[in-house]
1. Can you name every residue in the stretch 13-27 that is in a loop (DSSP other than H, G, I, E, B), among the aliphatic types (A, V, I, L, M) and crowded, with 16+ Cβ neighbours inside 10 Å?
2. Within the stretch 55-83, how many residues are of a type in the set (Gly, Ala, Ser) and assigned to a loop (DSSP other than H, G, I, E, B)?
3. Restricting attention to the stretch 1-46, and to residues there that are over 14 Å from the mean Cα position of the chain (by Cα) and basic (Lys, Arg), which single residue is modelled with the highest pLDDT?
4. Looking at the stretch 29-40, I want the residues that are under 12 Å from Ala54 (Cα atoms) and have a partner that is charged (D, E, K, R) with Cβ atoms under 8 Å, at least 6 apart or on another chain. Which pairs are those?
5. Taking the condition of a type in the set (Ser, Thr, Tyr), surrounded by 13 or more Cβ atoms within 10 Å (Cβ to Cβ), in contact with an Asp or Glu (Cβ under 6 Å, 6 or more places away or on another chain) and not in a loop (DSSP other than H, G, I, E, B), does Tyr52 pass?
6. Looking at (1) out of contact with any Asp or Glu (no Cβ under 7 Å at 6 or more places or on another chain); (2) surrounded by 12 or more Cβ atoms within 10 Å (Cβ to Cβ), which is the one condition that is false for Pro57?
7. When Trp92 is evaluated against the numbered criteria (1) in a helix (DSSP H, G or I); (2) over 13 Å from the mean Cα position of the chain (by Cα), which criterion, by number, is the only one it fails?
Amino acid sequence: MATQVRCAHRGVLPVRLEEAVVLRRAVCPCEMQPEGIPGLVSINHKVYLLAYNATLPETGEPTVHGYTLTSTATGKGYDLPADVSTCDCPDWFFRRNTVEHPRCKHQLSIRRWKEAHKIA
């Protein structure tokens, strides 16, 4: 039987990743789209815009510095670096970033999509 860990700070369980789907792929900045085009993703059945935080050098491929997930329901945005080591969401700040629960649902989703080559 799995043990549930409660956060001492707020007395609530950390959010779990149940579902992470890329609905429409994001476009990284390029010559034709210098600003890029946000994609559409679903995390735990909530829809987010996914945008690359990237720069386009004069020659070569874009450099991805991180990602921004923006909730389509609330407009709240969460920034993650390219190595997905942190997130600025409340779940990561208050309940994650511990040995028992090192990542939030946003970090887990981005990692899953990167491993599946669905995002850069």
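The values are calculated or read from the model by the stated rules, or taken from the named source; none is laboratory data. Computed from a predicted model, the values in this text were never measured in an experiment. No Cβ is skipped: glycine too gets one built from the backbone with ideal geometry, and neighbour counts run over all protein chains shown.
1. Result: Val15, Leu17, Ala26.
2. At the first step, the residues of the stretch 55-83 found to be of a type in the set (Gly, Ala, Ser) are 60, 66, 71, 73, 75, 77, 82.
So of that shortlist, the ones also assigned to a loop (DSSP other than H, G, I, E, B) come out as 60, 73, 75, 82.
Of the residues in the stretch 55-83, 4 are of a type in the set (Gly, Ala, Ser) and assigned to a loop (DSSP other than H, G, I, E, B).
3. So the residue we want is Arg24.
4. Pro29/Glu35
5. Details: of a type in the set (Ser, Thr, Tyr): yes; surrounded by 13 or more Cβ atoms within 10 Å (Cβ to Cβ): yes; in contact with an Asp or Glu (Cβ under 6 Å, 6 or more places away or on another chain): no; not in a loop (DSSP other than H, G, I, E, B): yes.
Criteria not met by Tyr52.
6. All conditions are met except number (2).
7. Evaluating Trp92 over (1) in a helix (DSSP H, G or I); (2) over 13 Å from the mean Cα position of the chain (by Cα) leaves (2) as the failure.
For (1) modelled with pLDDT of 95 or more; (2) within 12 Å of the chain's Cα centre (by Cα), each residue gets a yes or a no:
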site: Ala82; (1), (2): yes, yes
site: Val99; (1), (2): no, no
site: Arg103; (1), (2): no, yes
site: Ile110; (1), (2): yes, yes
